[in-house]
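The values are calculated or read from the model by the stated rules, or taken from the named source; none is laboratory data. None of the values given here were measured: they were computed from a predicted structure. Note that we place each Cβ from the backbone using ideal geometry, even for glycine, and neighbour counts take in every protein chain shown.
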Amino acid sequence: MIHNKNDLFVLETRDTSYCFRVMPQGHLEHLYYGRRINLEQGYEPLLQKTTFLGGTQIAYSKEFPNVGLEDLCLELSSYGKGDIREAFLDITHEDGSSTCDFRFRKARILKEKKILDTLPSAYLSDQGSEPVSLEIEMYDSNYEITLLLIYSVFYDSNVITRSAKLINTSSKKIWLERIMSCQLDLDAEDYIISTFHGAWAREMNRYDTPAQPGIFVNDSKLGISGNRSNPFFMISQKNANEEYGDCFGFNLIYSGEHYAAIEVNSMGKLRVVNGIQPANFRFLLMPGDSFEAPESVITFSNQGYTGMSHNMHHFIRKHILRGEWKNRVRPVLLNSWEANYFKFDEGKLLKQAKAAAEAGIELFVLDDGWFGNRKDDTSSLGDWQENREKLQHGLKGLADKINALGMDFGIWVEPEMVNEDSDCYRNHPDWAVKLPGVSHSLGRNQMLLDLTKEEVRSYLIDEMARVFSSANIRYVKWDMNRIFSDRYSSSLDADRQKEFSHRYIMGLYEVIGTLTRRFPQILFEGCASGGNRFDLGILCYMPQIWASDNTDAICRVTIQSGYSYGYPLTVMGAHVSGCPNHQTLRNTSIETRFEVAAFGLLGYECNLTELSKEEYQIVKEQIAFYKKHRETLQFGDFYRIKTNDRGIYQWLCVAPDQSEAIGLHLQKEVLPNYPHTKFKTRGLKEETSYHFTNRQQIFSIKEFGDLINMISPIHIKKDSLVHNVIAMVKKMPGEVEDSKALGCVFNHAGVKLKQAFAGTGYNEEVRLQKDFSSRMYLWDSLNE
Ligand code: GLA
């Protein structure tokens, strides 16, 4: 809902209000963003009362000597008229100056969601009769430039989006040095900034920093959104937790370099801006030209991190994801990468595929290595013809055989790249990004293709369309494995070279937009060395992203917890891989690997033909279990119940209709003699009765090593033949949980789990949990 009365604008979602007003001199004063309030009786209390300016502040004008832009909450700021904080906008005019003064000209309230022309936008599919977008026209009369501030309201998600469009309505050229997408000015309190940082195989670690005077920056200079700092971040009250406290969430619908600054100034104001990274950026706008800033996403909840996360999850599921796969359950897949890397042929793949089909896997994905002369990562990117030595019957031959096994077939591509050792580069050296006459730097031995060039984009679209139609391809993993360097395009004049990065991203959107529209039946999964481009821009085209190349279950709990603050489980690819794990050499049980991956889009990425009979049987059961419950796991409400509480993580997914819930209890390290713990749910129906059980695990007697001698009548040497034979015939069924109670009992009192092994005895009533072990719990509603 959007209301406008005189100078006041109010944007309302189900639980929040966002208000600002036009000041007498024409600037926009931000009044409030937070829990929903009713301003029917006036907004006088929200106004900042300034009669005299203090100290060395600049007075805006002679007519308005008490307006000091340095100490006001504003919707839009720029340099030159007294606001010395992080600016929304920075322009260099033809006369060399950079003073801007945008003031209110008019407003338009729209019933349709305003969509951007050059970048992906969030959308509303069920447009009602309520106004959803607001366009405020700001004008700089000194330089005759127009700026549109665009706001949209996503009522049920409690989300507001903002973006901006600069239009050069003057007769002179201008250089746009910086344009943000959102600016939110608040009164500084004891806020904590939470940002998510990492690297390859170590994505999304949460860091908390107090918001103190000075500037905190969360940004990327990688060319892409990147794994070093995800564009999602939050700002919360000092003592906020999962259930209580004010929490703001921010994100950006953009896959290029992002920038967010949180500045606390010396007058007690906190400013948040986010948008395109201004370093490496400068856009020349000729008279009549315009520039669109990506859409920024903001949300607020007074119900702690979980409230904020649920808003973001709802928004992404409903207003970012699109296409046939938006609400469709995602298939369980087998990815060929970790089992084969570059070494495979049709026979080997088919053997693995057969084992996959028999285990219940629905989709076989052929990863890197199937094209050109690709034997390792030094060659062939750009040559998208199948390698006939490996695929004797081509992609089609393999796909047909996979289909005959009852599975769908999918492939890996990395279209944005080229190796120097490729026919593509040999034929079109000018398509690669490089500086003329300067030796260029490589990333994973490869170069970027110049997507600012129309010729390259249309080649890529045609080439990928050919590959995608060459066999019955139902899934595509779209990878991107390097960051930018040597930025330059021969398609751009010297004074436009800093437009390269943004033009690349617009080019990318054109390519993936065209292909995803042309192949709606294909399930696309984004990837960039794992989570190096995990952002809302990609999610507008591809409904899921490979979250990390790190498949170690213990690393994954941190990584997936990190993503879950800003992104729903339905977008995160998660696989069970072999052990010792290829990234960490850690051993974890097949059950832990499964139980963590099941809180994501489940896949397997290991050689199923080489599992022991027992493990293969376990995998079969895992897949059957996952299929039965995947609607809850993929589309349910996700709660972080415990996050690294003495090494314990508890996750919970509650079905949208609350008919069932699935919990994970994972322990990184055994805490000796600490056997009792409970699981307190959230989100079960209070007055509905639930049956509480667990996914029972079966253990080997060898888990106890030589402790077997405590019960054995004869002495058994550890790892001896006798020990191994006994282990084969005698299995130990794990503990069984079985209780019933109303949802309110589980929600408020929790359930005390069976005692954990603590060195003083063991039987079937004891929960055997070693380091890196987990349990899955179920709550089934007993009412229809
Ligand atoms: C990247 C991806 C991996 C795999 C390899 C193949 O690293 O993230 O999942 O596809 O490329 O080269």
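Structural remarks
- If the condition is being farther than 16 Å from A399 by Cα and either without any contact (Cβ under 8 Å) to a residue 60 or more places away in the chain or not acidic (D, E) (or both), then region 334-354 contributes W337, A339, N340, Y341, F342, K343.
- Filtered by the rule that a residue be of a type in the set (A, V, I, L, M, F, W, C), closer than 29 Å to D219 by Cα and either in contact with a helix residue (DSSP H, G or I) (Cβ under 8 Å, 6 or more places away or on another chain) or away from the ligand (no atom under 16 Å from the Cβ) (or both), region 508-536 gives L508, V511, I512, F524, F534, L536.
- The single condition among (1) closer than 29 Å to R646 by Cα; (2) touching a Pro at 6+ places or on another chain (Cβ under 6 Å) that G530 does not satisfy is (2).
- The listed residue being more than 30 Å from D486 (Cα to Cα), at pLDDT 95 or above, outside the structural domain of A465 (by TED's automatic domain parsing) and away from the ligand (no atom under 15 Å from the Cβ), out of L391, L350: L350
- Looking only at region 88-104, residues that are exposed (fewer than 14 other Cβ atoms within 10 Å of the Cβ) and out of contact with any Lys or Arg (no Cβ under 9 Å at 6 or more places or on another chain) come to 2 in all.
- The residue of region 583-602 that is surrounded by the most Cβ atoms within 10 Å (Cβ to Cβ), among those that are without any contact (Cβ under 8 Å) to a residue 40 or more places away in the chain and β-branched (V, I, T), is I590.
- Looking only at region 544-572, and only at residues there that are outside any helix (DSSP H, G or I) and over 18 Å from T632 (Cβ atoms), the one that is farthest from the ligand (Cβ to nearest atom): D552
- Selected residue (criterion: nearest to the ligand (Cβ to nearest atom)) from residues of region 465-487 that are under 25 Å from the mean Cα position of the chain (by Cα) and more than 19 Å from L334 (Cα to Cα): N481
- Neighbours by Cβ (under 8 Å, 6+ apart or cross-chain): first from region 443-459, away from the ligand (no atom under 16 Å from the Cβ); second of a type in the set (D, E, K, R) and in a loop (DSSP other than H, G, I, E, B): L449/E416; L451/E416; V456/D450
- Test: A357 is surrounded by 21 or more Cβ atoms within 10 Å (Cβ to Cβ) and more than 16 Å from the ligand (Cβ to nearest atom): no
- Residues (more than 19 Å from S700 (Cβ to Cβ), in contact with a Pro (Cβ under 8 Å, 6 or more places away or on another chain) and crowded, with 19+ Cβ neighbours inside 10 Å) located in region 734-776: none
- Just one of the listed residues (N280, N251, N302) is surrounded by fewer than 19 Cβ atoms within 10 Å (Cβ to Cβ), among the polar types (S, T, N, Q) and under 26 Å from L508 (Cα atoms), and it is N280.
- For region 1-49, filtering for residues that are assigned to a loop (DSSP other than H, G, I, E, B) and in contact with a His (Cβ under 9 Å, 6 or more places away or on another chain) leaves 1.
- Index of the failed condition, G382 passing every other in (1) more than 13 Å from the ligand (Cβ to nearest atom); (2) in a loop (DSSP other than H, G, I, E, B); (3) over 30 Å from C540 (Cα atoms): (3)
- Test for K730: is it surrounded by fewer than 16 Cβ atoms within 10 Å (Cβ to Cβ) and touching a helix residue (DSSP H, G or I) at 6+ places or on another chain (Cβ under 7 Å): yes
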